[in-house]
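Below you'll find the structure, written out as structure tokens, and then a few comments.
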Amino acid sequence: MTPAARASAVITLLDAVETALAEDSLPADKIVSNFFRERRYAGAKDRRAVGGEVYSVIRSRALMSWALDEVGLERTGRSLFLARLAFKSGDIDVFGADHPHAPEALEDGEVDAFKAMKNLEWTDAPLAARLGIPDWASEGLIQRFGYDLSRALTALNTLASLDIRVNPLKRQATYGPGIQGFQAVPMSPIGFRAAEPVNIRTHDAYRSGEIEIQDEAAQVATYLVDAAQSQQVVDLCAGAGGKALLLSALMRNRGQIYAGDVSAIRLDALRLRSKRAGCRNVQIMELPESGKERDRKLMDLYGKCDRVILDVPCSGSGTWRRNPELRWRLNDERLRKMVEGQRRLLAEGAGLVRRGGRLIYMTCSVMPQENEDVVDAFLALNAAGRWRRIDFRNIWTKAGLRGAPPPSQAANNLDLQLIPHHHGTDGFYVCVLERGQ
């Protein structure tokens, strides 16, 4: 692809992302993958260049939107790309270039706007625009990070590295992943991190189930479940099963893991991954979102489970490095409803735990409203010693994690809150609750 053709592709994709945000439809990564699936002539370098530019614009969308407001341009894929060129002091010759796939030539008003944006004092933009803070998230981010807000958001706006783990059922961690360019991560004993971008899905080790893609934070969270090989575990919001599969391997295919989710598509992916990974103790349950049928499917598990994992649906604010457009999909009302759902799931999951068993509540969020606040509200309703928090540091070494427990960014000393600029992982929260005898 020529530079002009790449520019046209970026604009087309940005328009599609803007439409998806307005309609709350496809995620950006799906939009990009669909685009190139229909254009197989595009080479790997073109895909990386176009995709990288699209995500750069998404990460800086708030700042680009501020610039467009300053010069009176409506936000579109074309104008966002133009603002990005102005920010980078780029060349506008790609517009109207002598190429069949070039973007249309700029109108006089667009040229004037481009020149005006090049002369903007970008550092004078509001803090929320420079850091990409949506209105709904400002209170929670300030509460979490305080004076460290700028450093935290800079990390959340930086492209994440690729983390993988070996599958203990098929490969020993001491042998490494069998792929060049990976280094061991500091906390997970089976995790590795790539220094450069790698298309891991093309490697035999991935296709054979010897390795899996999983951020180190999720690996750590799964280790903190600390399930014995004979125990009965429920993963109530299993999704595509990353934690269930790792737990299956850590339990050496013994005991029983019930992996439930409301999405048939995600559970179909789990079935394929489970077969590839050689997991035989994972029982998959498709659950309705609510109602009597959901209660019926869970009835036999009430009060009988040694461990219940609740990786609840959340804002995904801890994954903005990978999914930067997520921040623009929420608002105050949606966050409120999400928190209500998290509280309902926590109450439901608690009912499945046997006496002396544990519930592990987790999110890929950095928002206190979704993390400590949800657990605090649950404990306030379940006083008199029925439930207690377990200090994650007391589980760390026994569970098999590497090194000393890291400093947590949680509001208390008992829960684990991982954040990118301190731990090098996604933002991830884990609280271990134990039911009284």
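The values are calculated or read from the model by the stated rules, or taken from the named source; none is laboratory data. Please read all numbers here as calculations on a predicted model, not as lab measurements. Neighbour counts are summed over all protein chains in view; Cβ atoms, including those assigned to glycine, are modelled from backbone coordinates with ideal geometry.
If you check S25 against the conditions, is it over 18 Å from L159 (Cα atoms), hydroxyl-bearing (S, T, Y) and touching a residue at least 24 places away in the same chain (Cβ under 8 Å)?
no
When segment 201-226 is limited to residues that are part of a loop (DSSP other than H, G, I, E, B) and touching a residue at least 40 places away in the same chain (Cβ under 8 Å), the one that is surrounded by the most Cβ atoms within 10 Å (Cβ to Cβ) turns out to be D215. Among the conditions (1) within 19 Å of N119 (Cβ to Cβ); (2) aliphatic (A, V, I, L, M); (3) touching a residue at least 40 places away in the same chain (Cβ under 8 Å), the only one that A86 does not satisfy is (3). State whether the residues of segment 151-160 include one that is of a type outside the set (A, V, I, L, M), surrounded by 16 or more Cβ atoms within 10 Å (Cβ to Cβ) and in contact (Cβ under 8 Å) with a residue 60 or more places away in the chain. Among the residues of segment 151-160, at least one is of a type outside the set (A, V, I, L, M), surrounded by 16 or more Cβ atoms within 10 Å (Cβ to Cβ) and in contact (Cβ under 8 Å) with a residue 60 or more places away in the chain, which makes the answer yes. Considering segment 5-32, the residues that are crowded, with 17+ Cβ neighbours inside 10 Å and charged (D, E, K, R) include one that is farthest from the chain's Cα centre (by Cα), namely R6.
Could you please find all residues in segment 389-410 being of a type in the set (A, V, I, L, M) and either within 18 Å of Q369 (Cβ to Cβ) or not in a helix (DSSP H, G or I) (or both)? Within segment 389-410, I390, L401, A404, A410 meet the criteria. Among the residues of segment 79-119, those identified as within 17 Å of A62 (Cβ to Cβ) and within 32 Å of the chain's Cα centre (by Cα) are S79, L80, F81, L82, A83, R84, A86, F87, K88.
Taking segment 411-423 as the range and being in a loop (DSSP other than H, G, I, E, B) and modelled with pLDDT of 95 or more as the test, the residues that pass are L414, D415, I419.
Using the structure shown, decide if A384 is in the same structural domain as C237 (by TED's automatic domain parsing), in a helix (DSSP H, G or I) and at pLDDT below 95. Answer is no for this residue. Of the residues making up segment 162-182, none is closer than 30 Å to E325 by Cα, under 18 Å from the mean Cα position of the chain (by Cα) and small (G, A, S). Can you find, within segment 280-297, the residue that is surrounded by the most Cβ atoms within 10 Å (Cβ to Cβ) among those that are touching a strand residue (DSSP E or B) at 6+ places or on another chain (Cβ under 8 Å) and closer than 23 Å to Y206 by Cβ? Among those residues, the one meeting the criterion is V282. Summed over segment 73-114, residues that are touching a Ser or Thr at 6+ places or on another chain (Cβ under 7 Å), more than 19 Å from L21 (Cβ to Cβ) and buried (at least 20 other Cβ atoms within 10 Å of the Cβ) total 1. Residue pairs whose Cβ atoms lie under 9 Å apart, sitting 6 or more positions apart in sequence or on different chains, and linking a residue in segment 125-136 that is acidic (D, E) to a partner that is surrounded by fewer than 19 Cβ atoms within 10 Å (Cβ to Cβ), are D135/A128; D135/N331; D135/D332. Of the helices (runs of 4 or more DSSP H) that lie entirely inside segment 19-126, not one contains 2 or more residues that are modelled with pLDDT under 95 and on the phi > 0 side of the Ramachandran plot. Taken over segment 150-166, the criterion of being out of contact with any strand residue (DSSP E or B) (no Cβ under 6 Å at 6 or more places or on another chain) and not aliphatic (A, V, I, L, M) is satisfied by S150, R151, T154, N157, T158. Residue count for segment 227-248 satisfying the condition of being outside any strand (DSSP E or B), surrounded by fewer than 23 Cβ atoms within 10 Å (Cβ to Cβ) and either touching a Cys at 6+ places or on another chain (Cβ under 9 Å) or acidic (D, E) (or both): 1.
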